[in-house]
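The values are calculated or read from the model by the stated rules, or taken from the named source; none is laboratory data. Everything quoted here is computed from the prediction, not taken from an experiment. Don't worry about glycine lacking a Cβ; one is built from the backbone with ideal geometry, like all the others, and counts go over all protein chains shown. Side chains are part of the model used for accessible areas, which takes the heavy atoms of the whole protein and leaves out ligands, DNA and RNA. Shrake-Rupley method; radii C 1.70, N 1.55, O 1.52, S 1.80 Å.
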Amino acid sequence: MKRLVIGILAHVDSGKTTLSEGLLYNAGEIKRLGRVDHKDAFLDTDTIERERGITIFSKQAQICLADCEFTLIDTPGHVDFCAEAERTLAVLDYAILVISASDGVQSHTRTLWKMISAHNIPTFIFVNKTDLENSGKEQLIGEIRKYLSDSAVDFTCERDDILEEIAMCDEEILESFASGGNVSDEMIAQGIGMRKIIPCYFGSALKNEGVAEFLHGINRYTQNIRYSDEFGARVYKISADDKGKRLTHMKITGAGLKVRDIINIGNNSEKVTEIRIYSGERYESVGEVYPGSVCAVTGLNSTYPGGGLGKETDSDDLKSEPVFSYSIKLPDGYDAHSALSVFKRLEEEETKLHVDWIESKQKINIRIMGRVQLEVIKRILSERFGLCVEFENGSIIYKETIANTVEGVGHYEPLKHYAEVHLLMEPTERGSGLEFCVDCPDDVLDKNWKRLIYTHLKEKKHTGVLTGSHITDMRITVINGKAHLKHTEGGDFREATYRAIRQGLMQAKNILLEPWYSFVLEIPMESTGRAMTDLQLMGAEFNPPESDGKTCVIDGRGPVEALRDYHNEVIAYTRGTGRFNLQFYGYEECVNTDKVCESIGYDCESDIENTADSVFCSHGSGFNVKWNKVFDYMHIPLRKNAIKYEETQVKREPSKIVADDKELLRIFEMTYGKVKQKTHVALKTRKEDKPYKPKPVKILPKYLLIDGYNIIHSWEILKRLSEQNLDDARAVLISKMCNYKVMRDTEVIVVFDAYKVKGADREVEKTDGISIVYTKEAETADSYIEKTSHELSKNYNVSVATSDGLEQMIIFGSGAQRITPAELLKEVENAEEEIREFIRENNIKNSGYAE
């Protein structure tokens with residue numbers, strides 16, 4: 001019998017649950033079609049899901065046909081539960097991607113496609129809601145081919161009509177088709193299984209149109225999976241039933257599993273007491289399951305999500321991580337240790353809920369993905385465990401790493417104890433995590449002691465010295481050590497190892513890392529300038545926008561701290577038509593390290609539990625040695641060519657801006673004659689080695705004139721954007737200068753060469769307080785700026801931003817200052833950074849808690 005596990009994924013409101021109902025109904029598994037809006041859908045089993053209308057927990061349903069058995073798994077789509085979705089994808093044989101015909105390929109659809117592709121899962125596409133107004137099959141197929149895969153084929157057409165399209169996707173099929181041979185179902189199924197062909201079906205799940213044909217297509221064009229005779233299983237989820245029994249959800253990948261079988265999990269041997277096959281809320285107890293089956297097992301207490309049983313190894317390929325941390329406020333009189341046991345139990349079930357016990361404060365901290373997950377956890381604690389808690393002190397989860405290689409030394413020698421450890425600590429690439437190695441000969445340190453040091457390196461979450469956050473992205477190698485034949489005990493090497501890590505960190509150049517999201521922003525064309533300005537102000541990095549004439553799609557990445565609530569702004573300024581989808585990206589260097597460190601207020605020297613100091617012995621008693629003096633007392637010399645961090649001053653070349661300006665002035669005077677004004681006014685620049693100190697003068701109002709197209713083609717980001725859409729580049733420049741005006745209290749005039757209708761007079765527009773000038777026909781921006789700067793310089797302090805050499809010389813003659821595009825860009829970036837700081841401080845003041 002063919003046994004397959006099929007997952008169903010979709011963007012919001014595409015009809016994923018309705019399609020699941022239709023598949024179950026047409027297979028005869030349910031007698032009537034449920035509906036999400038009626039809150040009676042077969043797979044909407046949780047009250048929280050029904051209230052919110054989103055999938056939070058992965059659930060399964062069984063579909064049995066004549067010669068096959070499908071396990072349909074509904075996967076969470078919300079970013080807060082993407083870790084559980086990732087675990088579920090690891091057990092899928094095929095995937096169904098649902099697309100709404102009325103919405104087309106959305107940004108989140110593309111995100112889901114990337115996840116499916118990363119796991120190399122063969123995929124069927126179902127375009128739903130074809131009964132509503134839509135752009136038509138041809139355009140929808142075109143979108144799918146453009147944004148997802150060019151191997152998409154409309155399988156609702158007659159077979160003979162699509163054979164040529166199918167043949168173009170697979171060389172083997174093409175050869176058979178070209179020679180006039182038969183193209184069998186098996187050949188097509190093989191192409192689908194290798195992801196060379198993406199079959200697309202169309203219909204309306206709500207009206208049960210096209211669903212039966214889709215089910216038939218899945219049965220017809222899927223292949224059975226071959227499994228080995230050796231037992232194996234992948235654990236993807238841990239849960240509890242309504243009686244509190246622990247359930248291990250797994251996919252059998254080899255041999256089979258029977259009740260009362262003994263399974264080895266690490267050093268434990270545990271017996272299977274019950275095997276359940278779930279379908280919605282119902283389940284059937286069976287005595288045996290076969291390869292390809294998904295089941296829930298009781299009796300196993302040492303399993304965990306991502307764990308491998310039998311021949312399967314553990315998987316550690318989750319891309320998502322918790323990015324927020326909260327402290328738990330327990331009800332008055334509630335025992336903290338009792339609460340900890342509840343949270344630890346919940347931690348087993350929630351894939352990306354991490355629970356930390358702070359011994360010194362007798363407090364519980366949790367690390368989570370986001371606010372929705374927080375609300376779900378609160379409901380579960382209340383309804384299942386009767387524990388009503390509050391969450392406080394919400395913050396971003398930072399990490400720390402190092403930028404250079406150091407050798408850390410830890411020595412622990414109170415009376416009748418002895419251990420010394422030397423660790424080589426090297427930075428590794430971003431996102432690589434921690435790697436522990438041993439490079440120490442057995443004749444230097446006994447193998448048992450090295451194994452003990454290695455264990456101590458791995459057993460603890462080591463903290464950094466900037467904020468006390470966990471360290472990451474480094475390789476720590478045991479390179480030397482020393483024990484005493486009589487006095488060394490196991491705990492001595494623990495103390496020496498911990499101190500060696502901290503001593504190395506204290507020497508190193510430390511880097512604070514913050515979490516980043518990757519994002520896809522979909523907005524109307526008219527909102528492009530606003531969106532790009534917002535993203536730049538938030539410190540995001542993004543690719544040039546893609547546009548189809550009506551909507552614009554921008555993808556990129558940026559700090560979680562800045563992006564986490566931006567979806568509310570998108571909804572506001574697009575009047576509900578914009579979409580902003582986030583996924584965890586990774587950790588990058590923090591943009592405001594000093595401010596974060598100051599707000600956290602961590603003092604590494606006062607952290608007694610994580611000390612960097614060592615203990616030596618003299619005259620029968622131990623004494624403490626500060627971390628920076630350990631090299632004077634250590635018993636083992638440093639490894640030859642070991643690198644110790646020494647802070648050095650980087651000598652900067654003197655600014656050449658003044659010299660360049662003098663050269664321009666010399667050329668101007670040779671051409672046009674002596675300048676009669678005070679030269680220091682024209683030569684004044686933003687940065688000087690020796691600032692000029694003029695006599696007190698009257699402070700004049702400031703004007704800044706900008707050669708618009710010159711700046712667009714001088715700034716790299718605007719230049720790239722202009723190659724795609726000049727209007728967008730112009731809008732972004734104007735938006736940036738509006739922000740600059742506010743922060744610098746400067747009147748700004750942006751001048752563009754004859755842009756509007758040919759033959760029209762010069763036009764001036766006002767946008768958020770700045771003037772936009774479109775020169776008249778045959779009038780260049782240069783000539784307008786020259787005339788205007790000459791007039792304004794009589795009563796105002798005028799600066800002109802341009803890279804045009806001749807125009808710069810003319811500026812000197814009028815008494816205006818010149819600003820290069822690079823200087824202007826720097827000033828604009830500084831102004832934007834001030835805006836970001838203001839927003840951060842304002843958010844902190846106005847929010848009840850930070851997430």
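Numbers below:
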| item | result |
| --- | --- |
| Solvent-accessible area of W516 with every protein chain in place, 1.4 Å probe, in Å² to the nearest 10 | 10 Å² |
| Restricting the range 263-343 to trypsin sites (Lys or Arg not before Pro) in coil, as DSSP defines it, with at most 16 other Cβ within 10 Å | K311, K319 |
| Förster radius 30 Å - calculated FRET efficiency between Y602 and S432, Cβ distance, rounded to 0.05 | 0.75 |
| Net lengthening on full extension, N725/V286 (0.36 nm per residue, minus Cα-Cα) | 151.8 nm |
| Listed residues G232, Y709, L4: farthest to the positive end of the dipole of the chain (Cβ charges) | Y709 |
| Whole-Hz ³J(HN,Hα) from phi, Karplus 6.51 cos²θ - 1.76 cosθ + 1.60, for the range 412-422, glycine and proline x | 10, 8, x, 4, 6, 9, 6, 6, 9, 10, 10 |
| FRET E, pair M525, K626, Förster distance 56 Å, beta-carbon r, rounded to 0.05 | 0.35 |
| Estimated 222 nm signal from helices in the chain, with DSSP H stretches of n ≥ 4 weighted -39500 (n - 2.57), rounded to 500 | -10000 deg cm²/dmol |
| Where the chain is the region considered: accessible area per residue in Å², 1.4 Å probe | 49 Å² |
| Local electrostatic count at E832 - Lys and Arg +1, Asp and Glu -1, tallied over other residues with Cβ under 12 Å | -2 |
| Set K344/K461; K460/K486; K114/K352; K243/K378; K59/K114 screened for pairs whose C-alpha atoms are more than 24 Å apart | K460/K486 |
| In order through the range 473-484: 3J(HN,Hα) via Karplus (6.51 cos²θ - 1.76 cosθ + 1.60), integer Hz, x for Gly, Pro | 6, 7, 9, 10, 10, 6, 10, 6, x, 8, 10, 10 |
| Solvent-accessible ranking of R557, R639, R32, R575, largest area first, probe 1.4 Å | R575, R32, R639, R557 |
| Under 14 Å, Cβ to Cβ, from V389 - net charge with Lys/Arg +1 and Asp/Glu -1 | -1 |
| Solvent-accessible ranking of I772, I571, I835, largest area first, probe 1.4 Å | I571, I835, I772 |
| Where labels lie 7 Å past Cα in the beta-carbon direction, separation of C388 and H119 in nm | 3.9 nm |
| Kyte-Doolittle mean at least 0.5, axial Cα span of 30 Å or more - DSSP H helices of the chain | none |
| Per residue, the convex hull volume that the Cα atoms of the range 432-487 enclose (Å³) | 100 Å³ |
| Charge context of F616, other residues only, Cβ under 12 angstrom, K/R +1, D/E -1 | -1 |
| Cα-based Rg / Dmax (Å) for the range 78-117 | 11.0, 31 |
| The chain: Cα Rg divided by the 2.2 N^0.38 Å rule of thumb | 1.16 |
| Residue-span extension gain [I358 to T780] - 0.36 nm each, minus C-alpha spacing | 145.1 nm |
| With all protein chains modelled, accessible area of K399 [1.4 Å, Å²] | 40 Å² |
| Cα-centred dipole magnitude for the chain, charges only on beta-carbon of K, R (+1) and D, E (-1), debye, nearest 20 | 2300 debye |
| Charge dipole magnitude, Cβ of K and R +1, D and E -1 - the range 278-321, Cα centre, debye nearest 20 | 100 debye |
| FRET efficiency estimate (nearest 0.05) - Cβ-Cβ, K702 to R371, R0 41 angstrom | 0.40 |
| Extension gain (nm, one decimal) between K787 and T313, 0.36 nm per residue minus Cα-Cα | 163.1 nm |
| Other-chain or far-sequence residues with amide H under 5 Å of H462's (modelled H) | I471 |
